[in-house]
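Everything below concerns the one structure shown next.
The values are calculated or read from the model by the stated rules, or taken from the named source; none is laboratory data. A quick note: this is a predicted structure, and the numbers were derived from the prediction, not measured. We place every Cβ from the backbone using ideal geometry, glycine too, and count neighbours over all the protein chains shown. The area values use the complete protein model at the heavy-atom level, side chains included, leaving out ligands, DNA and RNA. Shrake-Rupley method; radii C 1.70, N 1.55, O 1.52, S 1.80 Å.
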Amino acid sequence: MEIRQLLPEDDRLAVSRIYVESWRHAYKGIVPQSFLDGLSEGDWIKNLDMEGRYSLVAIADGKLIGTSSYCKSRFDKYTEYGEIISIYFLPEYMGKGYGKKLLAAAVEKLSEMGFRDVFLWVLEENHNARAFYERCGFSPSGERMTSEIGGETLAELQYCYHIEK
């Protein structure tokens, strides 16, 4: 598997499709099914080239299979932190160890940007993702927020990681 920065010539629809398929798989039973069913393949294209936001892609056998987006914190309270906005894989590539490599690459990119502390948000009910982040060295900070997704209010927990140099 190759991990690299998203390039201008990369197929944005293929990357957006990773988000959609991952959401439908990972959030089944957490996010309202009607919302998941209503996702469109191109829903994430607009986010991929936002100023100040960066994306990595994971490629296996010439196919885009995963993606992670990161940036300086989008929250005023955490201005000294780097933020991992997302990490998603096509469902058939989940559980194969690729996520750990992609997460480490995103943390390394934030380290290169000068950050020593990184955070991300994870849905409280997403126990698989929470266990994954904990195995990768992230710890819950105790901070939480709510987001409305598909007409339902869902709790998100903040997980943090300190980069040792």
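Residues checked against (1) more than 19 Å from residue 11 (Cβ to Cβ); (2) assigned to a strand (DSSP E or B); (3) small (Gly, Ala, Ser):
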| residue | (1), (2), (3) |
| --- | --- |
| 70 | yes, yes, no |
| 80 | yes, no, no |
| 92 | no, no, no |
| 96 | yes, no, no |
| 105 | yes, no, yes |
### Task
Sort out which residues of the stretch 113-142 are in a strand (DSSP E or B), touching a residue at least 24 places away in the same chain (Cβ under 8 Å) and open to solvent by 20 Å² or more (accessible area, probe 1.4 Å), and write them in order of number.
117, 121
#### Entry: Residues within the stretch 20-38 that are open to solvent by 10 Å² or more (accessible area, probe 1.4 Å) and either of a type outside the set (S, T, N, Q) or within 15 Å of residue 129 (Cβ to Cβ) (or both), tallied
13
## Note on the structure
In the set 153, 79, the lone residue that is more than 22 Å from residue 1 (Cα to Cα), of a type in the set (Ser, Thr, Tyr) and out of contact with any strand residue (DSSP E or B) (no Cβ under 7 Å at 6 or more places or on another chain) is 79
#### Entry: Residues satisfying the stated conditions in the stretch 146-165, i.e. open to solvent by 40 Å² or more (accessible area, probe 1.4 Å), in a strand (DSSP E or B) and out of contact with any Phe, Trp or Tyr (no Cβ under 7 Å at 6 or more places or on another chain)
146, 148, 152, 153, 162
### Query
Taking the stretch 39-88 only, how many residues are more than 22 Å from residue 157 (Cβ to Cβ), touching a residue at least 60 places away in the same chain (Cβ under 8 Å) and open to solvent by 20 Å² or more (accessible area, probe 1.4 Å)?
0
